[in-house]
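Data first, discussion second: the structure below is written as structure tokens.
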Amino acid sequence: MTGSDALGAWCVAVSLAFVWPQVWRCHRHDTSHGISPFATLHAVLGSVLWLAYGILNGIVSVWVSNVSMLVAQVMIAWVIARHGRMTGRLLVGYAFAITGLLAVGLATSEWVVGWTAILVSGSGMIPVVLHVARASNLHGISILSWVVTVVSACSWLTYGWVSAQPSITYVNYFTVPLMFFVIVRAWRWRNANGVPVFGRAAAAVNG
């Protein structure tokens with residue numbers, strides 16, 4: 001196994017792991033406080049595009065990790081929808097967006113799919129940050145999940161350069177600082193409301 005292969009395996013392992021603490025928190029505590037419905041569906045869209053990019057280019061590490069991400073985001077979306085925070089109109093809109101972007105990308109080239117995935121993934125952090133900045137209750141956010149997300153993003157950034165796939169790296173220069181913002185906001189909210197930073201969460205605080 002080459003160094004690039006080993007790094008790719010590490011990236012896949014971290015990518016398979018980072019979102020699941022968030023899924024666990026949502027389902028274990030039946031909470032979606034602090035989680036943006038728009039951003040969640042945006043993540044689904046991004047995962048579908050990266051999955052297509054990985055398949056088209058034969059990059060197993062990319063498509064395997066995004067299968068896991070896709071399943072996890074759908075599970076989070078299910079909790080949000082069950083809480084009545086995700087409208088049918090929003091779901092239909094994203095279904096059309098996924099279909100349209102895939103149709104255009106697959107009809108042209110993997111280059112188009114890759115750059116579309118970069119734009120979607122990068123812009124996907126914007127609704128997350130806006131929602132977290134305004135929300136009065138961040139009980140549903142898993143800090144552990146976001147910490148591992150930073151590790152995953154930095155790992156993919158390194159892998160992109162090592163494997164001569166720089167398109168994989170670009171989005172992380174933009175998203176990593178925003179990820180730290182989410183972590184800091186969630187950390188401060190828990191300290192202010194007496195909720196453990198890690199470990200078993202207390203009952204959700206109203207707001």
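The values are calculated or read from the model by the stated rules, or taken from the named source; none is laboratory data. Here the structure is a predicted model, which is why all the values come from computation and not from measurement. For neighbour counting, all protein chains shown are included, and Cβ atoms are generated from backbone atoms with ideal geometry for every residue, glycine included. Protein only, heavy atoms only, side chains kept; ligands, DNA and RNA dropped before computing areas. Shrake-Rupley method; radii C 1.70, N 1.55, O 1.52, S 1.80 Å.
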Tell me, rounded to the nearest percent, the portion of alpha carbon pairs in the range 1-145 spaced more than 27 Å apart.
24 percent
Percent breakdown of C-alpha pair distances by 10 Å bin, ordered from the shortest bin, for the range 1-54:
19, 39, 29, 11, 1
Whole number in Å², please: accessible area per residue of the range 1-138, 1.4 Å probe, ligands, DNA and RNA not counted.
47 Å²
Dividing the surface of the Cα convex hull of the range 110-186 by four yields a projected area in nm² of 5.1 nm²
Rg and Dmax in Å for the range 52-130, alpha carbons only: what are they?
14.0, 39
Taking the mean number of other Cβ atoms within 10 Å as a proxy for protection, how do you rank 44-55, 17-28, 102-113, 182-193 from highest to lowest?
44-55, 17-28, 182-193, 102-113
